[in-house]
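Here's the structure, in structure tokens; my notes come after.
The values are calculated or read from the model by the stated rules, or taken from the named source; none is laboratory data. A quick note: this is a predicted structure, and the numbers were derived from the prediction, not measured. Every residue, glycine among them, receives a Cβ derived from its backbone with ideal geometry; neighbour counts consider all protein chains shown.
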Amino acid sequence: MHQWTSTTGKTLRLEEGDITQVEADAIVNAANSRLAGGAGVDGAIHKAAGGSVMAELDGIRAKIGKCEPGEAVVTGAGKLKARYIFHAVGPVYRGGEEGEPDELASCYRECLQLAAERSLKTVAFPAISTGIYGYPMGEAAEIAIREIRHFLNQPSSVEEVRMVLFGKESLHAFEHALA
Ligand code: ADP
């Protein structure tokens, strides 16, 4: 199963792909606390978006210092086919009993809330924390899907959430969780 529709007609769609190529009102970045860019999806997003995004993050960093796990900050999307980038800081996985599930859930909730506050219709997420931060894909998928479904069952501007998964293995883990 790769699509789910809420009782109110909103959809969650799973797809394999590269999030830098996605057209959406907002795309989510799996950032780090220093908002400093890095490897993985973070590096790919900065590279594709161009320098304006890091320049904005420099300004945010100067104001707030760092961004804690479970939180997110907003920038424009530079050259990407989106209006905003939500930079969410996922937890580093340390076994799953030190608050990581709540922090990961909070990333999804915060970003969906940011989208609703801006009256956005479409949001695309990568599988936050499942790369360098080591979150097991299956567990991360369960959390992501639970939070997105819960959100889409409530009234908001958001009509479609896309999970853009990098590779068949992550796609299958999310399909399994959705089923
Ligand atoms: P984290 O540090 O939060 O674990 P990573 O970027 O290392 O972040 O990985 C998060 C997920 O994003 C991984 O599942 C990884 O395979 C995936 N990913 C990497 N590049 C892209 C991309 N261009 N589009 C979508 N997902 C990507």
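Could you please let me know if residue 34 is under 14 Å from the mean Cα position of the chain (by Cα) and in contact (Cβ under 8 Å) with a residue 24 or more places away in the chain?
No, not satisfied.
Of these, 157, 129, 119, which one is modelled with pLDDT of 95 or more, at positive phi and surrounded by fewer than 19 Cβ atoms within 10 Å (Cβ to Cβ)?
119
Please find, among 41, 22, 28, the residue that is closer than 26 Å to residue 148 by Cβ and touching a Gly at 6+ places or on another chain (Cβ under 8 Å).
41
Identify the residue in the stretch 32-47 that is more than 8 Å from the ligand (Cβ to nearest atom) and modelled with pLDDT of 95 or more and, among all such residues, is farthest from residue 74 (Cα to Cα). Before the answer, list the steps.
Step one: of the stretch 32-47, the residues more than 8 Å from the ligand (Cβ to nearest atom) are 33-37, 46-47.
Subsequent filtering for residues that are modelled with pLDDT of 95 or more retains 33-35, 46-47.
On the way: 33: 14, 34: 14, 35: 11, 46: 14, 47: 17 Å.
Per the criteria, the residue is 47.
Kindly list, by first and then second residue, each pair from a residue in the stretch 41-57 that is without any contact (Cβ under 8 Å) to a residue 24 or more places away in the chain to a residue that is among the β-branched types (Val, Ile, Thr) and assigned to a helix (DSSP H, G or I), limited to pairs with Cβ atoms under 7 Å and residues at least 6 apart or on different chains.
46/53
Here are 36, 48, 44, 24: which of them is over 20 Å from residue 105 (Cα atoms), in contact with a helix residue (DSSP H, G or I) (Cβ under 9 Å, 6 or more places away or on another chain), aliphatic (A, V, I, L, M) and in a loop (DSSP other than H, G, I, E, B)? Even if it seems obvious, please write down each step before you answer.
Working: 48 fails: in a loop (DSSP other than H, G, I, E, B); 44 fails: in a loop (DSSP other than H, G, I, E, B); 24 fails: in contact with a helix residue (DSSP H, G or I) (Cβ under 9 Å, 6 or more places away or on another chain).
Matching residue, one of 36, 48, 44, 24: 36.
Applying the selection to the stretch 125-179, what residues are over 19 Å from residue 32 (Cβ atoms), within 9 Å of the ligand (Cβ to nearest atom) and of a type in the set (A, V, I, L, M)?
137, 164, 165
Which condition does residue 71 not pass, out of (1) more than 24 Å from residue 10 (Cα to Cα); (2) within 12 Å of the chain's Cα centre (by Cα); (3) within 13 Å of the ligand (Cβ to nearest atom), if it passes all the others?
(3)
Any idea how many residues of the stretch 131-169 are free of Cβ contacts under 8 Å to residues at least 60 places away in the same chain and not aromatic (Phe, Trp, Tyr)?
17
Find the residue count for the stretch 97-108, including only residues that are farther than 24 Å from residue 37 by Cβ and under 14 Å from the mean Cα position of the chain (by Cα).
1
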